[in-house]
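Written out below as structure tokens is the structure these notes cover.
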Amino acid sequence: PAHQQPVRLKYHDFIQNQFGMQDIEHRLQKPPDVRRIVVLGDSFTVTEGWDIRYDDLFGPYLARRLQAMDPSHRYEAILCARAGWTTVDEVTAYIHLCERFEPDWVILAYVLNDVESDAARPEAITVEDLFYRPRSRLERWLVEHSSLYRLWFLRHEWPRLKAAWQAYFRSIYMANPRGIQRWHRAMDILAERTRARGVPVIVIIFPFFDYPLDKTYPFADIHAWVAQEARRRGFAVVDLWRTTFFGKASDALQVRPGYDAHPNARAHRMVGDTLARLFQEWRLLPAVAYTGK
């Protein structure tokens, strides 16, 4: 992976585990009664935020929902995610670590910047680059610490910010051949390795919560392209914009509206509820979960 140093996240009730992941500890060897979900992702999977607890994250939340539906097994979510990872990083981590957990399912959480050729390279701009450029340190401090100034700033700067983000995300799909090539290869490798072990892969595509989640959402075509490529490799696909968040108020789903647009606890639980429902519809649970016996 490009990022050798883990990013420590500010959760109340868990710390980095022995494998360097933002997760609780898990035994490497899977007990006979356990069914495991490996969740590959980035900061959308292990969202930072003081209002978010480990149990709020969609992976652990999904595991609890599935266990309630199937009490004959214990369900574990193995969070294999770090802030800033791309799909290449996630698949690399899967090969070197997560396969050893013997997963029953793999969930690949996809965010629109996951085709960046390398998150350490200059084209991988950050929120700070867009949000503050070319502002002074004083204005940066005011935006961070004054709610009133932040409201004024966003009202006046939001059109520029929206245009800059849209231009950037379109550029990494249309003018980033190295990143696209590496992404295709990573997806092929994940397909090959999971298919050989009979492990289903579910790709969930997160929207950007900075934008309205209705018909004006500007990245619908990119979601469709990612879904097509995932299905071509035999993966199940859940476009969360369409299945979970369409028509919802985006402000109500952010950690800190207007400043941190990562999914908050409510958004994580909505993702977990959607996946639990689809596990039932797709009949991925043992028959006992449907017969009640």
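The values are calculated or read from the model by the stated rules, or taken from the named source; none is laboratory data. None of these values were measured; they are calculated from a predicted model. Every residue, glycine as well, gets a Cβ built from its backbone with ideal geometry; the counts of neighbours run over all protein chains shown. These area figures cover heavy atoms from the full protein model, side chains too; ligands, DNA and RNA do not enter into them. Shrake-Rupley method; radii C 1.70, N 1.55, O 1.52, S 1.80 Å.
Observations on the structure shown:
- Filtering region 162-185 to residues that are in a helix (DSSP H, G or I), among the hydrophobic types (A, V, I, L, M, F, W, C) and farther than 22 Å from GLU90 by Cα leaves ALA163, ALA164, TRP165, ALA167, MET174.
- Of the residues making up region 164-178, those that are surrounded by 11 or more Cβ atoms within 10 Å (Cβ to Cβ) and modelled with pLDDT under 90 are ALA164, TRP165, GLN166, TYR168, PHE169, ARG170, SER171, ILE172, ASN176, ARG178.
- Residues satisfying the criterion are absent from region 157-171 (criterion: closer than 30 Å to ARG100 by Cβ, touching a residue at least 40 places away in the same chain (Cβ under 8 Å) and among the hydrophobic types (A, V, I, L, M, F, W, C)).
- Restricting region 256-274 to residues that are part of a strand (DSSP E or B) and modelled with pLDDT of 90 or more leaves a set whose member that is farthest from ARG53 (Cα to Cα) is HIS262.
- For region 211-221, the criterion of being touching a strand residue (DSSP E or B) at 6+ places or on another chain (Cβ under 8 Å) and among the aliphatic types (A, V, I, L, M) is satisfied by no residue at all.
- The residue of region 31-56 that is least open to solvent (accessible area, probe 1.4 Å), among those that are farther than 26 Å from LEU190 by Cα and not small (Gly, Ala, Ser), is ILE52.
- For region 242-272, filtering for residues that are acidic (Asp, Glu) and open to solvent by less than 60 Å² (accessible area, probe 1.4 Å) leaves 1.
- Leading residue by the ranking (most open to solvent (accessible area, probe 1.4 Å)) among those in region 186-227 that are basic (Lys, Arg) and in contact with a helix residue (DSSP H, G or I) (Cβ under 8 Å, 6 or more places away or on another chain): ARG197
- Summed over region 57-100, residues that are in a strand (DSSP E or B), crowded, with 20+ Cβ neighbours inside 10 Å and out of contact with any Phe, Trp or Tyr (no Cβ under 7 Å at 6 or more places or on another chain) total 5.
- Taking first residues from region 216-227 that are farther than 13 Å from ASN113 by Cβ and partners that are of a type outside the set (Phe, Trp, Tyr) and surrounded by 14 or more Cβ atoms within 10 Å (Cβ to Cβ), the Cβ contacts under 6 Å between residues at least 6 apart in sequence or on separate chains come to PRO218/GLN166; HIS223/ILE205; HIS223/ASP239; ALA227/VAL237; ALA227/ASP239.
- Taken together, ASP210, ASP188, ASP221, ASP214 contain a single residue that is modelled with pLDDT of 95 or more, over 17 Å from GLY59 (Cα atoms), of a type outside the set (Lys, Arg) and not in a helix (DSSP H, G or I), which is ASP214.
- Scanning region 143-161 for residues that are part of a helix (DSSP H, G or I), out of contact with any Lys or Arg (no Cβ under 6 Å at 6 or more places or on another chain) and open to solvent by less than 60 Å² (accessible area, probe 1.4 Å) gives TYR149, ARG150, PHE153, LEU154, GLU157, LEU161.
- Of the residues making up region 101-134, those that are assigned to a loop (DSSP other than H, G, I, E, B) and either modelled with pLDDT under 50 or of a type in the set (Val, Ile, Thr) (or both) are VAL111, VAL115, ALA119, ALA120, ARG121, PRO122, GLU123, ALA124, ILE125, THR126, PRO134.
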